[in-house]
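Down below is the structure, laid out as structure tokens.
The values are calculated or read from the model by the stated rules, or taken from the named source; none is laboratory data. Keep in mind the model is a prediction, meaning the values are calculated, not measured. All Cβ positions, even for glycine, are placed from backbone atoms using ideal geometry, and neighbour counts span all protein chains on display. To get the accessible areas, we keep the full protein, side chains included, count just its heavy atoms, and leave off ligands, DNA and RNA. Shrake-Rupley method; radii C 1.70, N 1.55, O 1.52, S 1.80 Å.
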Amino acid sequence: MVFKFRCSKLEIEQIELKANHSYLYMTNHFSFWDGFWAFYVFRKTFLKKHNMKRLYIMSLKKQMEKNKWLRYIGSFSVDPGKRSIQESFAYAAEILSEPGNMLLFYPQGKLESCYIRYIKFDEGLFEIVPQIKGDCQLIWASTTAEYFENLSPVIHSSMLDCGTNHEFDFEALKKTVNEYHLKSIQRNIRYTEEPITYNF
């Protein structure tokens, strides 16, 4: 299967990677192309640094059944609401217990517009991180797409260092990510200050 997608530009705001860590790469999920963009970011910014080994992707079981090729690019399934989900969480933690591995993880657990103002985290992250053995850097990326004067979109990926698994605080992380995501939208999508109240 061949996919062709063109964008005018893919802008990446990078962070410093911590050496001898694994990497949990969290990002918002708004399109079919998200995994391809994440793979590009992985190759462009991470692959040759700190003995990076492999990118894994946690995907919904129904998506893997629909797109069987996903298994060949490092995807493994998760089936919300089923008992097997705990096995998927344990496997994700096992991946992240090995330095150099990166796991692509969508905290929302479903597709939503990149313009939403609040990222709702499912409980998966809360289940995975405490099981990680060793050192893992938690990374958030707010990814947005806009056309403006272009015929194809400009993709902007803005990263945030969220610390490591050793200082993981689920509630604090959700608050930090959402504040950052809103600022990222304001910085990259809208250039005028929004009023406090709206008059319709």
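In the stretch 118-146, the residues that are among the polar types (S, T, N, Q) reach residues that are modelled with pLDDT under 90 and surrounded by fewer than 16 Cβ atoms within 10 Å (Cβ to Cβ) with C-beta atoms within less than 6 angstrom, at least six apart or across chains, in these pairs: THR144/ILE189. Only one of the numbered conditions (1) in a helix (DSSP H, G or I); (2) touching a strand residue (DSSP E or B) at 6+ places or on another chain (Cβ under 7 Å); (3) not basic (Lys, Arg) is violated by LEU104, and that is (1).
When you scan the stretch 1-42, how many residues do you find that are open to solvent by 60 Å² or more (accessible area, probe 1.4 Å) and either assigned to a loop (DSSP other than H, G, I, E, B) or at pLDDT 85 or above (or both)?
Matching residues across the stretch 1-42 total 11.
Picking from residues in the stretch 69-98 that are assigned to a loop (DSSP other than H, G, I, E, B), surrounded by fewer than 18 Cβ atoms within 10 Å (Cβ to Cβ) and of a type outside the set (S, T, N, Q), the one that is modelled with the highest pLDDT is GLU98.
To keep it simple, each residue is scored yes or no on (1) in a helix (DSSP H, G or I); (2) open to solvent by 40 Å² or more (accessible area, probe 1.4 Å); (3) within 26 Å of TYR40 (Cβ to Cβ); (4) at pLDDT 95 or above.
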| site | (1), (2), (3), (4) |
| --- | --- |
| ASP122 | no, yes, yes, no |
| GLU127 | yes, yes, no, no |
| GLN137 | no, no, yes, yes |
| SER142 | no, no, yes, no |
| ALA145 | no, no, yes, no |
| GLU149 | no, yes, yes, no |
| CYS162 | no, no, yes, yes |
| HIS181 | yes, no, yes, no |
